[in-house]
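J.: Dumping the structure here so I can ask a few things about it.
The values are calculated or read from the model by the stated rules, or taken from the named source; none is laboratory data. What you see is a predicted model, and the numbers here were worked out from it, not measured in a lab. For neighbour counting, all protein chains shown are included, and Cβ atoms are generated from backbone atoms with ideal geometry for every residue, glycine included.
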Amino acid sequence: MRDDVQEFAALLRRLKERTDRSYGQLARRLAMNTSTLHRYCAGEAVPLDFAPVERFAALCAATPEERLELHRLWILAVAARQRARTQGAKPAAEAPEPAQDEIAEAPEPAQDETAEAPDEPAATPAGPAPDVTPPLSPASARPRSRRRRLLVLTAAATTLLAGLGTLAALPDDRPRGADRVQAADPARTTPAPTSRPSPPRSPAPTTTKASPSPTGSTKSAPREAGGTGAPKGTGRPKPAAGTPLAWSVDAHVWQAGCGHDYVLTRPPQQVPPPPPPQDARTWATSLGAVHGRQTMVRVSVQGRSSTAVVLEALRVRVVRRAAPLEGSVYAMDRGCGGALTPRFFDVDLDKDRPVARPQDGNDTGTPIPAMRLPYRVSATDPEVLLVTAQTRACDCSWYLELDWSSQGRTGTVRIDDAGRPFRTTGIGSLPRYVYETSDRAWVPYS
């Protein structure tokens, strides 16, 4: 019985080890908890439905023969679990027998108590006249003793309720009303209840209320994550519920790590050599360079806790359109290629309403499925969004909006370049240069 469950779990583990995905990544694509999938693979639980097992086999690229064997082992494992439950239920069915014996013996003490009950009301000094009725048999005395006991308990309960009502009507000398007002709004002040007029107070310092949709820049994220109290001098506590997302942005990603164009209004003699990719931001910012023809943005997104956050939609907002920038194009390399093309979101900025469309990637001929929203992330399961925006006919300024939902809450974060929109310009027929290392100079691109 136990062997059937373990054989099923062992085949699940073998299929999982073929992939480079973790339990969390597989569970997210199967729409189940990570701990549930781990229990299946450890033999601690067996799914009651074969549908998640079939999806698991598809994600692990199982062969038809392996899927058939997986279905056979699943049937045996489910049957083994049902047999275990049936055998465990048999001893429980015999448990009521001792209870019947205990119930049969219970009335004996009750009879002794009811026989002595008539003596209790006689101790009350203000009670009614003594009962001179001839003694009754024990069988007829029990109903009368029960009625007397019920009357005594009812009178005691009535007295207790009357006392509680009197206490509730007493005035309360504590200023609880003022405490509640101050707890709800620390900026609001309530004058003390004294005969002397209180001195005038200066109004609490006002602060600009934060927008419910954070800008999403690299500067705003640390402010949300740091600190638990209110900023000094604001007079208002920081909201307990903030954006459950944390993200970072790299707006200077190069194609395959080496190919990219920048547009500058400077002549080649005033342009320094191309930087390494990790220094591209500093190089471009110091020279006032603009992305030519294409901007690749890498957005790393994760939750702030283990609670899942669903990325609902990714939108593009164009805030300015102008004619392509005049100047010269400087290529960071003569061109390079790679065996890996990651999946990405393609954006055509020349459209009136550009849309972020998911595109497949490629790994040495093997397709990488596109990332389609909605998608789940958490603190232990981050995700990277790669957005490629292109233009031929405009100098466009734009940013991204990411919709999220978590535990019944929804929101939208703005993703831009450190508080500024991303900027991409078409290059058209502008002169193009490439850096020649042998001559240590920029030369016309050929």
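J.: Report whether or not Thr307 is surrounded by 18 or more Cβ atoms within 10 Å (Cβ to Cβ), within 30 Å of Thr410 (Cα to Cα) and of a type in the set (Ser, Thr, Tyr). Write out each step before concluding.
T.: Working: surrounded by 18 or more Cβ atoms within 10 Å (Cβ to Cβ): no; within 30 Å of Thr410 (Cα to Cα): yes; of a type in the set (Ser, Thr, Tyr): yes.
No; evaluated as a whole, the condition is false for this residue.
J.: If only one of Pro358, Pro342 is under 26 Å from Arg315 (Cβ atoms), modelled with pLDDT of 85 or more, surrounded by 15 or more Cβ atoms within 10 Å (Cβ to Cβ) and not assigned by TED's automatic domain parsing to the domain that holds Cys60, which one is it? Steps first, please.
T.: Details: Pro342 fails: modelled with pLDDT of 85 or more.
Answer to the check: Pro358.
J.: Another question, if that's okay. Show the residue pairs meeting these rules: Cβ distance below 8 Å; 6+ apart or different chains; first residue within the range 361-379 and in contact (Cβ under 8 Å) with a residue 40 or more places away in the chain and among the β-branched types (Val, Ile, Thr); second residue in a strand (DSSP E or B) and crowded, with 16+ Cβ neighbours inside 10 Å.
T.: Filtered contacts from the range 361-379: Val377/Leu245; Val377/Val301; Val377/Gln302; Val377/Gly303; Val377/Val309; Val377/Leu311; Val377/Glu383.
J.: Take the range 394-414 and flag every residue that is charged (D, E, K, R) and touching a Lys or Arg at 6+ places or on another chain (Cβ under 8 Å).
T.: To start, the set of residues in the range 394-414 that are charged (D, E, K, R) comprises 395, 401, 403, 409, 414.
Result: Asp395, Glu401, Asp403.
J.: Limited to the range 412-437, what total is found for residues that are hydrophobic (A, V, I, L, M, F, W, C) and not in a loop (DSSP other than H, G, I, E, B)?
T.: Taking the range 412-437 as the starting set, the residues that turn out to be hydrophobic (A, V, I, L, M, F, W, C) are 413, 415, 418, 422, 427, 430, 434.
Next, only the ones that are not in a loop (DSSP other than H, G, I, E, B) stay: 413, 415, 422, 434.
Total satisfying the criteria: 4.
J.: Among residues belonging to the range 402-442 that are more than 28 Å from Gly288 (Cα to Cα) and among the small types (Gly, Ala, Ser), point out the one that is surrounded by the most Cβ atoms within 10 Å (Cβ to Cβ).
T.: Result: Ser406.
J.: If you take the residues of the range 370-400 that are hydroxyl-bearing (Ser, Thr, Tyr) and outside any strand (DSSP E or B), which of them is surrounded by the fewest Cβ atoms within 10 Å (Cβ to Cβ)? Please lay out each step first, then the result.
T.: We begin by selecting, within the range 370-400, every residue hydroxyl-bearing (Ser, Thr, Tyr); these are 375, 378, 380, 388, 391, 397, 399.
Adding the requirement that they be outside any strand (DSSP E or B) leaves 378, 380, 391.
Working: Ser378: 20, Thr380: 12, Thr391: 26.
The extreme case among them is Thr380.
J.: Enumerate the strands (runs of 3 or more DSSP E) found wholly within the range 252-313, keeping only those where 3 or more residues are in the same structural domain as Thr388 (by TED's automatic domain parsing) and within 17 Å of Tyr435 (Cβ to Cβ).
T.: Working: elements: 261-264, 290-292, 294-303.
Once the strands (runs of 3 or more DSSP E) in the range 252-313 are filtered for at least 3 residues that are in the same structural domain as Thr388 (by TED's automatic domain parsing) and within 17 Å of Tyr435 (Cβ to Cβ), what remains is 261-264.
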